[in-house]
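The values are calculated or read from the model by the stated rules, or taken from the named source; none is laboratory data. Remember, it's a predicted structure, so these values are computed and weren't measured experimentally. Cβ sites come from the backbone with ideal geometry, for glycine too, and all protein chains shown count toward neighbours. Heads up: the accessible areas ignore ligands, DNA and RNA and are worked out on the full protein's heavy atoms, side chains in. Shrake-Rupley method; radii C 1.70, N 1.55, O 1.52, S 1.80 Å.
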Amino acid sequence: MNEEQLNANDEVTEFIKYDFSRLWLKTENSAVYGIIGKEYHRILIKFLMVEKNLINNNEYFVFGKSSVKGNVCEFIGKITIIKIQESARKYFGVDDEFKNQGIKTEGLLTAKYEFFENNQQNNSGYFSGILQTKWFLDKNDKMQYDDINSVSDGYFNNAFVGTWKMYNSNSEKICNWGDYRVPYTNCDFDIGTAELNIS
């Protein structure tokens, strides 16, 4: 949250009515960075569709594609929201440029995810882990992707942290990706201050 303080209360019941799906579709491919395995091989993740489950408001259905070393796999799965917290709202961009834009509130969403690659495709498996997304509620009561502090050093969003496991195998690898930075990696990988810079 760029050093912003989060309120401790879980506000899932208040915010679950909003549709968060477009927050995971917003960022251009070129700004989504990911790694897989201890050697930090690059993984590309692209969501092609995210839809809210009309029966269970906590769930979102996902369809997308992954690519590692040119090996492309389709995947399907779901994102399940488990926690939503509001921030103390002390920072509104550089020189508080968004302070008077009618932002009602902002915060952090935590979810778990499971994405299953097509087992008929080469080197396929499944992803699982924890996702965190920064959001804000605008003056029109619409849920928005929080890029208020996007020009600040170290900004990132949509942080997926977890593993990928090959089907019918004990092979499991770390697999993390996010918007603008790779979350939760050793500092010997990303040495950038203002933006991603691979060592």
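Residues in region 159-184 that are β-branched (Val, Ile, Thr) and either more than 15 Å from the chain's Cα centre (by Cα) or at pLDDT below 70 (or both): how many?
1
Identify all residues within region 138-174 that are without any contact (Cβ under 8 Å) to a residue 60 or more places away in the chain, in a loop (DSSP other than H, G, I, E, B) and polar (S, T, N, Q); write none if there are none.
Asn140, Ser150, Asn168, Ser169, Asn170, Ser171
Being under 23 Å from Leu48 (Cβ atoms) and out of contact with any strand residue (DSSP E or B) (no Cβ under 9 Å at 6 or more places or on another chain): is that true of Lys142 here?
yes
Is it the case that Gln132 is surrounded by 15 or more Cβ atoms within 10 Å (Cβ to Cβ) and at pLDDT below 95?
no
Can you name every residue in region 160-180 that is buried (at least 21 other Cβ atoms within 10 Å of the Cβ), under 19 Å from Gly107 (Cβ atoms) and hydrophobic (A, V, I, L, M, F, W, C)?
Phe160
Just checking, does region 14-24 include any residue being over 30 Å from Asp138 (Cβ atoms) and in a loop (DSSP other than H, G, I, E, B)?
For region 14-24, residues over 30 Å from Asp138 (Cβ atoms) and in a loop (DSSP other than H, G, I, E, B): absent.
I'd like the full set of residues that are within 24 Å of Lys17 (Cα to Cα), part of a strand (DSSP E or B), open to solvent by 60 Å² or more (accessible area, probe 1.4 Å) and not hydrophobic (A, V, I, L, M, F, W, C), limited to region 39-69.
Once the filter is applied, which keeps residues that are within 24 Å of Lys17 (Cα to Cα), part of a strand (DSSP E or B), open to solvent by 60 Å² or more (accessible area, probe 1.4 Å) and not hydrophobic (A, V, I, L, M, F, W, C), region 39-69 yields only Glu51.
Among the residues that make up region 47-58, is at least one of them in contact with a Gly (Cβ under 6 Å, 6 or more places away or on another chain) and at pLDDT 95 or above?
For region 47-58, residues in contact with a Gly (Cβ under 6 Å, 6 or more places away or on another chain) and at pLDDT 95 or above: present.
Filter region 25-38 down to residues that are in a loop (DSSP other than H, G, I, E, B), over 24 Å from Asp146 (Cα atoms) and open to solvent by less than 70 Å² (accessible area, probe 1.4 Å), then give me how many there are.
Count: 1.
Considering every residue within region 85-97, establish whether at least one is closer than 20 Å to Trp24 by Cβ, open to solvent by less than 20 Å² (accessible area, probe 1.4 Å) and either modelled with pLDDT under 95 or touching a strand residue (DSSP E or B) at 6+ places or on another chain (Cβ under 7 Å) (or both).
Scanning region 85-97, I find at least one residue that is closer than 20 Å to Trp24 by Cβ, open to solvent by less than 20 Å² (accessible area, probe 1.4 Å) and either modelled with pLDDT under 95 or touching a strand residue (DSSP E or B) at 6+ places or on another chain (Cβ under 7 Å) (or both), so the answer is yes.
State whether one or more residues within region 8-17 are on the phi > 0 side of the Ramachandran plot, touching a residue at least 24 places away in the same chain (Cβ under 8 Å) and surrounded by fewer than 16 Cβ atoms within 10 Å (Cβ to Cβ).
no
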